[in-house]
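First up is the structure itself, then whatever we jot down about it.
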Amino acid sequence: MSTRDLWNRYAKYFNAEEGIVFPADKPELDFYTQLREEYTGACLEIGAGSGRLAGSLQGKSVTVALEPSDSMLHDWTASDRKLAMRIQGTGEEMPFRSGSFPVVVFPYNGLQCVPEEDIRIGIINEAFRVTAPGGIFLLEVSPVFSRRDSEPLTERYCARMPDGTRLILREKVERRRNPDSVKYHMFYTTVDDSSETTEEITLNLAVTSRDEIINLLMKAGFCDIIQWGNYDRSPYDDELSPRLLVLALKGMRNAITSCSYSYVNNHIR
């Protein structure tokens, strides 16, 4: 199954979890809001999903949301659609000219959702290509997955949806060593007054380390790499940090100017 097909199936469950089952992660939203205050100019979000970060990434200049899934793009709210230009495409083959964006971000473990190493390398190389000279690339991953082991089938939650149905997630975790990855077998059951249906979604997340990520960035050509261990910009610690946020520069930072939607139209290949 292609990544696009997987996320087309997974979208409704992912969006329910991010918007209903679990509360919004305010530190995450604040982190990206502050980032956009510090780094202005046209912004590209790789793997934008259904617009969860649209409000945080909006700035005085255009924000472009790149997403492969039809379902994710369809689920953007009317208000979020006003905040970004949505374009369907994949990170390993972006439809933009080189050096188009002063700010490029790939949030929320998006790189680890790509199990193929060669494609992960391709995404980092493409990110370097489309980042403007003097611009920044922000990447977020979770090396803590390296400590995740296999787990038996377990009920994770049973939540009431706005339409009155119940959504139940039962999940089995499979740790695989060759290649190193964590496979999540997720069984989503939707229950209403008259029926009960279950759908299995399998998500294979690559296990990555800080060294691997830094090496990929440096090989692509990025420099002046900053590492944080959480959204509060605390230093990264291999044992204690829940995530790794890496900010890398493409050459020396220079003056970044704002632009309009016509900027993007002029930079699409």
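Structure above, values below:
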{"quantity": "Top-ranked residue of the range 60-83 - restricted to ones that are touching a Phe, Trp or Tyr at 6+ places or on another chain (Cβ under 8 Å) and polar (S, T, N, Q), ranked as farthest from Arg4 (Cα to Cα)", "calculated": "Ser61"}
{"quantity": "Long-range neighbours under 7 Å by Cβ, at least six apart or interchain, first residue at negative phi within the range 192-206, second among the basic types (Lys, Arg)", "calculated": "Ile201/Arg9; Thr202/Lys183; Asn204/Lys183; Ala206/Arg120"}
{"quantity": "Scan of the range 215-267 for residues that are of a type outside the set (Ser, Thr, Tyr), farther than 17 Å from Thr131 by Cα and either modelled with pLDDT under 50 or not in a loop (DSSP other than H, G, I, E, B) (or both), ordered by number", "calculated": "Asn215, Gln227, Trp228, Pro235, Leu244, Leu245"}
{"quantity": "Residue tally, condition farther than 17 Å from Glu17 by Cβ and touching a strand residue (DSSP E or B) at 6+ places or on another chain (Cβ under 6 Å), over the range 177-190", "calculated": "3"}
{"quantity": "Count of the range 157-179 residues which are in contact with a helix residue (DSSP H, G or I) (Cβ under 8 Å, 6 or more places away or on another chain) and surrounded by 15 or more Cβ atoms within 10 Å (Cβ to Cβ)", "calculated": "3"}
{"quantity": "Output for the range 180-194, where each listed residue is surrounded by fewer than 16 Cβ atoms within 10 Å (Cβ to Cβ) and among the small types (Gly, Ala, Ser)", "calculated": "Ser194"}
{"quantity": "Selection from the range 145-156 of residues that are in a loop (DSSP other than H, G, I, E, B), modelled with pLDDT under 95 and surrounded by fewer than 12 Cβ atoms within 10 Å (Cβ to Cβ)", "calculated": "Asp149"}
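This table checks each residue for (1) under 30 Å from Ile214 (Cβ atoms); (2) in the same structural domain as Phe22 (by TED's automatic domain parsing); (3) among the charged types (D, E, K, R); (4) within 17 Å of the chain's Cα centre (by Cα).
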site	(1), (2), (3), (4)
Pro115	yes, yes, no, yes
Asp180	yes, no, yes, no
Met186	no, no, no, no
Thr189	no, no, no, no
Asp193	no, no, yes, no
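The values are calculated or read from the model by the stated rules, or taken from the named source; none is laboratory data. For clarity, every value in this text was computed on a predicted model and none was experimentally measured. Positions of Cβ are backbone-derived with ideal geometry, glycine not excepted, and every protein chain shown enters the neighbour counts.
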